[in-house]
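Below is one structure, written out as structure tokens, with a few remarks after it.
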Amino acid sequence: METLKFDFIKVVSGGLITNNSNALEEITVATTGLKASSIFLLSKSLGWEQKLIAKTIGTTTRTLERHVKERKRLGINLSQNALEVARLSSIGISYFGDVKRWNEWLNTAHTQFDGKAPKEFLHTIRGRELIKRIINGLEYGFTA
């Protein structure tokens, strides 16, 4: 497994797991549910508005705020989405070098995304897969 310089899995899980944790540990954390407050911490770490991180994982800021207030953990689907976004961001920032350049790339229209910005596809599994595939392609040989 590649070692990533940026570990947003650790951020979003509150330190329970890292980029180097095994799949079973990640499944356990997702099943238990992430703290909603850690989603806001991830948002801040990435320089994203709370509305964007909420949309990206499939919820609203209001729902996240309610979970924080009630000290309620997120369900498995939202937790898995947040872990995937954290992992993808670790990969993206490791490739682009810093958060600013990662965000610039996410906000720039690309032909691989039918002339749209990659961030418009972050809320879907296939969109995140496409972003990861394109970053791997950039790293190993084709240009975007």
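The values are calculated or read from the model by the stated rules, or taken from the named source; none is laboratory data. Because the structure is predicted, anything quoted here is derived from the model rather than measured. Every residue, glycine among them, receives a Cβ derived from its backbone with ideal geometry; neighbour counts consider all protein chains shown.
Considering only the range 23-52, state which residues are part of a helix (DSSP H, G or I), surrounded by 14 or more Cβ atoms within 10 Å (Cβ to Cβ) and of a type in the set (D, E, K, R). Matches in the range 23-52: Glu25, Glu26.
Yes or no: the range 98-111 includes at least one residue that is in contact with a Ser or Thr (Cβ under 7 Å, 6 or more places away or on another chain), of a type in the set (Gly, Ala, Ser), surrounded by fewer than 16 Cβ atoms within 10 Å (Cβ to Cβ) and over 20 Å from Leu78 (Cβ atoms). The answer is no; no qualifying residue exists. Per this entry, Thr61 is counted among residues that are over 23 Å from Ile135 (Cβ atoms), at pLDDT 95 or above and among the hydroxyl-bearing types (Ser, Thr, Tyr). Residues in the range 1-22 that are closer than 21 Å to Lys72 by Cα and either small (Gly, Ala, Ser) or in a loop (DSSP other than H, G, I, E, B) (or both): how many? Counting residues in the range 1-22 that are closer than 21 Å to Lys72 by Cα and either small (Gly, Ala, Ser) or in a loop (DSSP other than H, G, I, E, B) (or both) gives 5. Residues that are more than 20 Å from Asn19 (Cα to Cα) and among the acidic types (Asp, Glu) within the range 73-132 comprise Glu104, Asp114, Glu120, listed in sequence order. Looking at this structure, is Lys69 at pLDDT 95 or above, in contact with a Ser or Thr (Cβ under 7 Å, 6 or more places away or on another chain) and not β-branched (Val, Ile, Thr)? So Lys69 does not fit the description; no.
Checking each residue in the range 39-75 for being farther than 21 Å from Ile125 by Cβ and within 15 Å of the chain's Cα centre (by Cα) picks out Phe40, Leu41, Lys44, Ser45, Gly47, Glu49, Gln50.
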